[in-house]
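Read the structure below first, then the notes.
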Amino acid sequence: QVQLVESGGGLVQAGGSLRLSCAASGSILSINTMAWYRRAPGKQRELVASISSGRSTSYADSVKGRFTISRDNAKNTVYLQMNSLKPEDTGVYYCNFLNRYNFNYWGQGTQVTVSS
């Protein structure tokens, strides 16, 4: 059974940095897009960043210039480097893998808390 295991969340002061990682345990065939979503308190889940199999990236306007998504295909791992963190970045961050058959895999979520 495939699982996505996230790590790297935590508590950080505003202006600080965190690096999230998400690795697949088990075999996932033909991953196309890897992405990070987040759910802030009282809000719906939103797409933060995504990266295609060709390494094209896309970011939410609120994180452009501060967050960087990258992937290691050999390790079936996606990363999210988060710099200049703001209190409004607080939330539960989820990784998502979409394979060529349009099947979605989700991580369990990791808490990021940014204090002012």
- Message: Being within 17 Å of Gly8 (Cα to Cα) and out of contact with any Leu (no Cβ under 7 Å at 6 or more places or on another chain) narrows it down to one residue among Gly65, Gly109, Gly26, Gly42; which is it?
- Response: Gly109
- Message: Out of the residues in the range 24-39 meeting the condition of being at pLDDT 95 or above and hydrophobic (A, V, I, L, M, F, W, C), tell me which one is surrounded by the fewest Cβ atoms within 10 Å (Cβ to Cβ).
- Response: Ala35
- Note on the structure: Filter the range 71-116 for residues that are within 12 Å of Ile31 (Cα to Cα) and among the hydroxyl-bearing types (Ser, Thr, Tyr); the one that is least open to solvent (accessible area, probe 1.4 Å) is Thr77
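Please pick out the residue among Gln3, Gln13 that is open to solvent by 60 Å² or more (accessible area, probe 1.4 Å), closer than 23 Å to Ser52 by Cβ and touching a strand residue (DSSP E or B) at 6+ places or on another chain (Cβ under 6 Å).
The match here is Gln3.
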- Message: Tell me whether the range 49-66 contains one or more residues that are in contact with a Lys or Arg (Cβ under 6 Å, 6 or more places away or on another chain) and in contact (Cβ under 8 Å) with a residue 12 or more places away in the chain.
- Response: yes
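The values are calculated or read from the model by the stated rules, or taken from the named source; none is laboratory data. Keep in mind that what you see is a predicted model, and the values were worked out from it rather than measured. A quick note on method: Cβ atoms are made from the backbone with ideal geometry, for glycine too, and the neighbour counts reach across all protein chains shown. Each accessible area value is taken on the protein alone, full model and side chains, heavy atoms only, with ligands, DNA and RNA left out. Shrake-Rupley method; radii C 1.70, N 1.55, O 1.52, S 1.80 Å.
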